[in-house]
Every structure is written in C-alpha cells, then in structure tokens.
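Written out below as structure tokens is the structure these notes cover.
The values are calculated or read from the model by the stated rules, or taken from the named source; none is laboratory data. All figures in this text were calculated on a predicted structure; none of them were measured in a lab. Note that each Cβ is placed from the backbone with ideal geometry, even for glycine, and that neighbours are counted across all protein chains shown.
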Amino acid sequence: MTAVPAPAERSTVASVLAAVSSMRITVVLLLLLGVLTFAGTLAQEHLSPIDAQREYFESGFVVWDTKVPLFGIRNASDALTVKVPLPGGYTILLLLFVNLVVGGVVRHRWTKRNLGILVTHLGIGLLLVAGFVKMHWSHQGHVSLFEGASSRTMVSFHEYELALLRREGDDIVERVVPATALEGARHGTVKITDASLPFTVEVSGWLDSCQPRLAGPMMKPPGPVATDADGTSVFLESLPYDKDAPGFAGCRVNVVERVGLAEHSAVLFGLGSGPRQNPRQPYTFTIDGVQWGLDLRHELRDLPFEVKLDKFEKTDHPGTANPRDFSSWVTVREQGGEPRQVHIYMNHPLRSHDHVFFQASWGPSPQSGMQGPPFFSVLEVANNPSDAWPKYASYVVLLGLLWHFVAKLFRFLKSSTNRASGEAVS
Amino acid sequence: MKWLVAMASLAGFLGAQDDGNVARRIVRQPWNPAVVAAMESLPIQDGGRVKPLAALAAATLHLVHGRRDMKLDTDGDGRADVTLTPTEWLLDAWCFPEQAADYPLFRIENVEVLDAIGIVHEGGQRFDFEYLTYRQLGQKGRLAEVPGAALLRLASQYRKKSAQERTPVEAHLVDTAEQVQTYDALHRYLVPLSSAFQIEGDEFQKRLGGKKEMWLSELMQYGDALRTALKEYEQKSTAPEIGNLFGIASDLSDVVQSDHAMPALFPPDGTRAEHEEWSGLGALVSSGLGNHASSTQIAMLEQLQAAIGATDQTARERAFVKFRDMVVARATERGEFAKVAQEAGYLRANWAYQSLHYFLLALVVVAAGWAMPRVRAVWWAGIVATVLPLGMLVWDIVLRCIIRSRPPIVNLYDTFLFIAAVLVATAVVLELISKRRVAIALAPIAGALLITLARAFEVEDGKDQMAPLQAVLDTNYYLATHVTSINTGYSAGMLASLLGTVWLLMQATGFRRGDVALHKAIVRATYGVTAFSLTFNVFGTIYGGVWANDSWGRFWGWDPKENGALLICLAQVALMHARMCGWVRDFGYCTFAALTGIVVTFSWFHVNLLGIGLHSYGFASSTKVALFTYYWIEAGVVALCVAAILLRHFVGAGRKAAAPASA
C-alpha cells in the first residue's frame, strides 16, 4: 500500500495574503464604506462639515447615532433612532488600500485581458494615497487682504494655537503651543512649563465652539471661571453647531508664578484673524517687570513668498446683488526673485512652491456697513503635496475602465456575431 | 389719485369690509393673440439677465399659482371656460388689477391653513385644492384681522424657525405668504401708470405749468420745480396753496423705491459694455426727477403708460405693441435681442413637452411589437417611434445650450432633460445590440416619466430655469466634463435599475419563463449598463473633486453631494465585485442593481434636500414626498419580487424532492 501524499499545505504567509486580498473582503469593505458615507452625510445635519469629517471619515471607529426620518417626516416621534458601531473612514480606507494593493495589483494576473482592471486599480490606489498624503501633510488656511496690504502668513481655518508672548522693548517674542498639545484640556488640565519661564500655564475647559459670558448670581457657570483683578468673573458657554454662525474655540488659562505661587486666570477666546477683526488683544500679565501675554488664535503658518493684493474686483449680475465674478490681482514677491503679477479668479488658482491660492470669498470693510466697497479679498491657501495627484488618478481610472469595458463589449459583440453565424450555418 | 386708491384697496388688506363668501363674477376683456405673441418676446431684464416677458410670466405663475396656466370660470357655472397663458395673466394683472384680484390664484392644499388665517370654508379636509383670490385676502374673515394680515403675521413668526422645524401647515403658510408678496409687488408695480396724478393747490398747479392733472412721465420732468417747492414749504406743509405737494412727493418716493426684485423694462442708451443695467420704473423716475433720463427711455415710458392707462382695449394693445417695438429696437442695437427671440421661440415650441406625446405614441408602437414579435417592421417602427421624440428632446437641450451658451446641464431642471435623453438613447443602443424588445419598451416609459417629472419640478421650483450662474459654477469646462459625465452615470444607473426590476418582475410572475435566452440577455444588459454607468460615475466623481480642488481648495470635503456620488460608485463597484467573487449570480445581481436606483436617486436629488453642504438648494416638501414615494415603491416591488421568486424556488424544490417518492 502506497501512502497518498498529503496535499501541500499553504504557508501562513500565503494564507494571510489570500485572506487580505480576498474579493469578498473588498465587497464587505465597500459596503461598510457605503454605510459610513451615508451615516456621515446625515450626520452633517447636526454636525459641522469639519466635525463630521473628523468623527466619521478620519477616525478609526465611530458610533453612528442619528435619527432617520421615516416617510420624509421630520418630527422626532416619527423618526427611527439608529445607533450602529462602525469602523471609521480611516480604518476602512486603510484596509481597502491594502486589499487593493495585495489583491487588485500584486496577486492579480497581469494578462492583457486584465490590463484595464489593473490600470483602474492603480488609479484608485493613487487616489487613496493622495487622500492619505493630504490628510497627514497638508495645511489649509486663508490670506485675507485689503487692496495695498500684503502678507507672508496664512491663517488656518480650523486649527488653533496658543501663543505665549513676551515684550522685549518694542519687540514681541513669540513661542507657540499647537492645539494638538492641548487636547487634554478638554476633560482635564494641561500644564505648560519650561525652565526658562517664571511661571506655569495651566490650560483647562477647552471648548471647540463657545462664547464668553459674564458669571453672576443669575448665571451659574457650567465650567471653569476666570476672575479678573477687579472681581469680574467670566466663563465660556458651549455653543451647539450653527452652520450660519460657526463658533470659535476657547479655554481657561491659569498662570501660576514659580516664585510666590501667585495666580493669574483668564478665559481665552479664539476669534478669527480676518482683516475685519479688531486688533488682537491678548491676555497680558506682568511678572518681575516683564510683560507677558497669552493669545489663543487660529494657527499661523509662514508662506514661502509674500503676497500683496494690488486690486480686487467684484461684479454682480446686472440688477442683482448676485456676484458674477470676483477676482484678485496680486503681486508675488519671492526672496531674491523678481516680483510678478498674478490674476487669481474663480476656478483659476495660483500654484507656486507647493502652495495653491484660490479666490474663495470677499468681505466689506467694517466702515462700509457690510455693503459697499472697499472690499477685502479672501484667498484660500492650500499647501498639499498631493495637490495634482487626483487629476492624474482620474485619467488613469478612466483609461482603465474604458479599456476594460470597451474590450468586454467588443468580445461580447464578437461572440454574439459568431453565435448568430453559427446558428445560421446550422 | 385713482391708482393710490387701487393700491390701498388691493394691497392694504386692512381696509376691506366685504363679506368673504360672496363670489364675484369675472368679467374680462380678451387679448388679441397677435398682441400676446408680440408681448411674449418683449425683452426685459430680470434676475441678472435679459429675457422674454413670457419667461418672467411663466416663472411667476409657477411660483404663485402652482400651475402653468390660469383657468377661469367667467360664466359662473362652476366650471372653467377660459384658460389664460402666463403672459395673458400677467398683462391682466398689470392692466386690470381689480379684475385680476378675483382670479383664483393662491393654491391652498390644507384647510388648516384656511383656519389659521380665518378664511371661511365648507369644512372638512378636501381631496383637491382650494384657490384663494387676492381679493379674499383683503376681505373680512373669521378673525379680527383680515386673512392677508393674519397670513403675513404668521409667516413672519414661522420664518424664525428653520425649514426643518416647521410643521407642514407652518411651511404652507410661509410659502403662501411668499406667493402673496411676490404677486402683490408685481401687480402693484405699474399701477402708478394707470391714471394721472391730480394736482391740487393754486401755487402747486402754477409751479407745474398750470396743469390740474399730470401723468407720471410728465410729472417726473418737473423734478427741479418739485424740489424747490418742497424746500420752500418744508415748514408749511399744510399750506392750502400747495395742496397735495407732499402727498405726491411721498407717492413718487414710493415709485422710486418700487424696483426691488421687479423686472427692468427700459433698456438704457449706449452699448452693453458702457451700461449693462436696464432701468426699472423706479430708476427711470428717479433719473427723470434728476433731469438725466434719456429721451428714448421717456418715450418708452410714455408708450407703456398709454397702454396701462388706456380705457379702450384696442388702443391699449396698439400702445403695447409700440412699446414692445421700441424696446426691441433698442435691445437689438445693444445686441441683446437675438437670444430673447430664440428663448421666446423655445418657450413657444416647448419641444420637451411635445416629445412627451410622442413618447406615449412610441409606447403604443412598442407594445404592438410585443403583440407581433415576428414582424420585424413593427420592431423597427418601435425604434423609429422612440428615436423621434428623443430627437425632439435632444433639440430642446441643444436650444437651451445655444440660448445660454452653456453645456447641457446648469441646474437641476436640466438634469431631468439630460438624464431622460441619455437614458432613452442608451436604451435604444442597447435594443439595437440585444434586439430583445425589453430596452425599447423601457425607453418611452422612462422618457415620458422623466419629462413629466421635469415639468412638475419646474412648476414646483417656481424659478427661472435659465438664471445666470453663480460665480463658482461659471466654468463651461467643468460643466461640460464633470457635470455631464456624472449625469450620464446617473441615467445609465437608472436604466440598470429598471432592467434589474424588469428581470425580477419577469422571474416573479413567470413571464416568458421558458425563454432562458431572454432572461440571460436582460442580466447581461443590466451588467453592461452598470459598467457603462460606473465608468462615467467614477470619472465624473473624481473629476468633480478636481473641480473642487480648483475652486474650493480641496479635492474631497465629504460634502453631501460628493458623498452621494461616492455612494453610487461604491454600490456599483461592490455589485460588480460581488458578482466576480461569486457572492451574487443573476438573481442577486438584478436585485441589487434594482436597488441601486434608490442610491442614484438619493445622490441625484435627495442630498440637495438636506439643506447642508455646498450643493444645498432647498425645495418644497412635495419633492421630498415624491422621493420617498419612489423609494418605497422601488423597495416594495423588489421585496415582493424577491419573496415571490424565493417562494417559487422553494416550492419547486419541494415538488422535485417529492416527485421520486410518489413515483
């Protein structure tokens, strides 16, 4: 009796690869992403777009908690409450990318017949990589200027920073703490300390959207209170999301002197930094004759060149207040380079040094009573290393899909013709 | 001041004392059709563009009346015997405001709205609509205040709530108030031209050349005299010798401020580059009082005044035609009339509506093809009968492109026409390939349905469907690439859904069960159309991101519209992968393809209703009701078919299992 050889067992690596590249996993991930996208879309009815994006699409895990209207009726009593745990967008897209690379490219048979699919997968892969790069290494903000004004910094839309200021004669020296370092201040206290500082800053009660209120006998503060030297107590009131009036972040700071342990407390409120805002007034305190300041502000980033607004023009459709076009003529001054004039208008951005400037909006001066000129121009700025990749990805995907489906159509038509001629012969 | 009295009685709801239940018989003078045709192409500037009067009349009637025409019962028998076109209705409102106040205008769909504003009604919820007249709003109702005043008060109160928070009755009240205010402003607009101003007081008459009455076009040329008199008598406003000087000054001030959201009727001198904005009545009176109105514009005003103020219909019509000819001549010199004439012709021809009839005819021919499957000529007749209305629909789209100098899709209304055309064209091509008479049967049904929906949406929306674009959309390149691509994907997605549904229905009902080739052909067609749709959806979605990257500074922002497009891509890619890995076969594939129609509809339309994101528009609730109706019908049909198919499968399997035992 001869022994029957045992079937060759697949190696662990091969098994893992087979599992990871499974097309069934692809289907599950696609459906999960579909459910998550649906949930994230509905969530934007009560969350700001940026919050929905962070909670649903940039997270590892999310609980979809929403009321789904039945029959289109919005009354709460007619809505179905849904609470579903879901993997977040980051998790799903990461798994999808691995599945795509392993199953759709590496393990896929590189035949002429499959070429269209492979090209499509490469295009989708490029798109996912572009999204990953953008999420981790891009910055967005704006430069808002009146005619004649110039700037070398962009102001972030959503990110904040805490600036520690110190007056040295006529100069002000800055040290900056990014908001990411203050995450713990949402539910506790974050201490900022340094050997060179004569004090410690304790940050607490961080709120993403809030407004300052005066505390008093009729207004019981829900969170930390800062009391001024004259006895005025201020606290921050959390605001629900309002798409027409997006709120500003705020926190309470307590400065504890290293010597003597004297305390200075205040609430900081991160107002915007557009040209319509009044000059910034940081919270200031003096220790040993040195004036210090704390300023919660939208994050500032240096630009690789200076931008000066030479002219801004807004035209309306005749007889209406609906803008037909708005555009900015700017002068770009690079270090050591010749200044150059650039026209930025809707759908025609300026691209230079990995930065893209878009004509985003405009606003009237405070003096014009929110109506007529002079206007300031809002140029949105994006610093995204993967800026152009999606465009190339779209061409690659289109090429792949057309290749695959047109080839398939021709094969089908050919087989139909052969079948028909075969039937005719028989 | 006859016109002031008219304004007070019609617009000032508070002065009314009549009994609201007394129906007034409508007596109206018909318009000469040739004059109406001429006035339809009268160029006006409204909403940021120069367009024919017919376009303004149609959009306004859609908004305030919820219909495309106005039906009147002039003989009092309770049935409509006269139908007014939008232009006839608008001319009536401008020339005969007293008469137009008795037209059944404002559609009320819920008796609770009538109760809320105190209108007396028969009681009980009706199944049809009730139309209120403008006069009824100013007559005494069941409440202390007249219904019009109650309506405006309540609407102002409910506007403070967000659209999502309003109950259906509150939303209805807000909408009705908007309709009433729109109509009120429009029909009062030309009232100052309907009669002469009476000049009272010896000194006042002396300063105005000794005249005792004066028409607006004449009065506005006495700006200096009026200003001097007002200054001199500033402290003696009740002096008898200046009579109604201050009253007339106040009236003129009202006229000057009456232009807001009203059409500008008087083209300016000079070229378009020099002066793009036309003058409304208020602007013209203002420049007349300041002694810088152009003589051409004053001449136009005199003709319009002669038309509005005429007591004889023939004289009125003659003056209207003269006014129209003057405006057309000026607009032609400025290079603004050619497109107005094209648009007037487009509105008159109404190719999309014409194609609707031919699609229905095509359906009959295609049905004949099913009855006579062996007659090839009938099959070809079905193809030709479908291609004919398709050509009309395409011509409609082409005309819209020419008039606007834009790609086919600029707004949501365009999407209906485009999707209908692409869907029908795809179905015809599919039929020519497959020759199974299924795709060609779907084509006229889908075409007719989508055009009907387009017409319903146009009325529901109540807006100018050729309005100028907002700045960010002003790019023909991306409108031509991203927008047409994604809508091609939508249309093919809808066709795939229809084909999947047909396959399920055939399986569930056992229709042509023995014809395996037919069933297989439908599955193949569903697959092919899904692939076609996917190609355009994926490219369109990614290219939409490329556009967003150029205009908003980010490729992807998880905006609801972007998410909707992504959902279609995900659904279709998941479907194809599920088929490739063997998770679904014909049954599963067609079931999910059918349900993909819901995803397509959600992306195409529903995301715009959420009122969030950069693509939000906002619609009346009936659009939402229509969407949910479709969702439930599609899901219900699929569920019933799936249940029937599974039942048939298990019963059949049981019988097969039982057969050997009994044998």
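A few points about this structure:
- Lone qualifier among B:469, B:498 - being out of contact with any Cys (no Cβ under 8 Å at 6 or more places or on another chain) and surrounded by fewer than 19 Cβ atoms within 10 Å (Cβ to Cβ): B:469
- Subset of segment A:191-239 (residues that are small (Gly, Ala, Ser), outside any loop (DSSP other than H, G, I, E, B) and modelled with pLDDT of 80 or more): A:204, A:205, A:209, A:238
- Flag if residue B:264 is farther than 27 Å from residue B:137 by Cβ and not aromatic (Phe, Trp, Tyr): yes
This table checks each residue for (1) surrounded by fewer than 19 Cβ atoms within 10 Å (Cβ to Cβ); (2) assigned to a loop (DSSP other than H, G, I, E, B); (3) more than 32 Å from the chain's Cα centre (by Cα); (4) aliphatic (A, V, I, L, M).
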| residue | (1), (2), (3), (4) |
| --- | --- |
| B:258 | no, no, no, no |
| B:269 | yes, yes, yes, no |
| B:272 | yes, yes, no, no |
| B:283 | no, no, no, yes |
| B:287 | no, no, yes, no |
| B:293 | no, yes, yes, yes |
| B:296 | yes, no, yes, no |
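- Residue check, residue B:166 part of a helix (DSSP H, G or I) and farther than 23 Å from residue B:103 by Cβ: no
- Answer residue from segment B:417-440, given it is surrounded by fewer than 22 Cβ atoms within 10 Å (Cβ to Cβ) and not β-branched (Val, Ile, Thr) and is nearest to residue B:382 (Cα to Cα) among those: B:437
- Residue A:111, sole failed condition from (1) among the polar types (S, T, N, Q); (2) within 13 Å of another protein chain (Cβ to nearest Cβ); (3) within 22 Å of residue A:402 (Cβ to Cβ): (2)
- Scope segment A:89-145; condition of a type in the set (Gly, Ala, Ser) and touching a strand residue (DSSP E or B) at 6+ places or on another chain (Cβ under 9 Å); matching residues: A:89, A:138, A:141, A:144
- The listed residue being at pLDDT below 95 and touching a Leu at 6+ places or on another chain (Cβ under 7 Å), out of B:293, B:273, B:261, B:239: B:293
- Residue B:253 free of Cβ contacts under 8 Å to residues at least 12 places away in the same chain and either within 21 Å of residue B:292 (Cβ to Cβ) or of a type in the set (A, V, I, L, M, F, W, C) (or both): yes
- Scoring residue B:461 on the criteria (1) surrounded by fewer than 20 Cβ atoms within 10 Å (Cβ to Cβ); (2) within 25 Å of residue B:404 (Cβ to Cβ); (3) within 14 Å of another protein chain (Cβ to nearest Cβ) leaves a single failure, condition (3).
- Among the residues of segment B:569-584, those identified as outside any helix (DSSP H, G or I), of a type outside the set (Phe, Trp, Tyr) and under 10 Å from residue A:24 (Cβ atoms) are B:581, B:582.
- Residue within segment B:595-609 that is in contact with a His (Cβ under 8 Å, 6 or more places away or on another chain) and either surrounded by 19 or more Cβ atoms within 10 Å (Cβ to Cβ) or modelled with pLDDT under 85 (or both) present: yes
- Failed criterion for residue B:535 (all others in (1) of a type in the set (S, T, N, Q); (2) crowded, with 24+ Cβ neighbours inside 10 Å; (3) more than 9 Å from chain A (Cβ to nearest Cβ) hold): (3)
- Only one of the numbered conditions (1) at pLDDT 95 or above; (2) at the interface with another protein chain (Cβ under 10 Å from one of its Cβ atoms); (3) more than 19 Å from residue A:401 (Cβ to Cβ) is violated by residue B:570, and that is (3).
- Residue check for residue B:448: over 22 Å from residue B:404 (Cα atoms), in the same structural domain as residue B:406 (by TED's automatic domain parsing) and surrounded by fewer than 24 Cβ atoms within 10 Å (Cβ to Cβ): yes
- In summary, strands (runs of 3 or more DSSP E) completely within segment A:310-394 and bearing 3 or more residues that are modelled with pLDDT under 90, within 18 Å of residue B:472 (Cβ to Cβ) and not acidic (Asp, Glu) occur at A:323-334, A:355-364.
- Residue list for segment B:549-568, filter: under 22 Å from residue B:602 (Cβ atoms), in a helix (DSSP H, G or I) and more than 28 Å from the chain's Cα centre (by Cα): B:566, B:567
- The set of residues in segment B:267-326 that are within 25 Å of residue B:185 (Cβ to Cβ) and of a type in the set (Lys, Arg) comprises B:316, B:324.
- Residues within segment A:382-397 that are facing another protein chain (nearest Cβ under 9 Å), of a type outside the set (Ser, Thr, Tyr) and either in contact with a Gly (Cβ under 8 Å, 6 or more places away or on another chain) or closer than 24 Å to residue B:534 by Cβ (or both), tallied: 6
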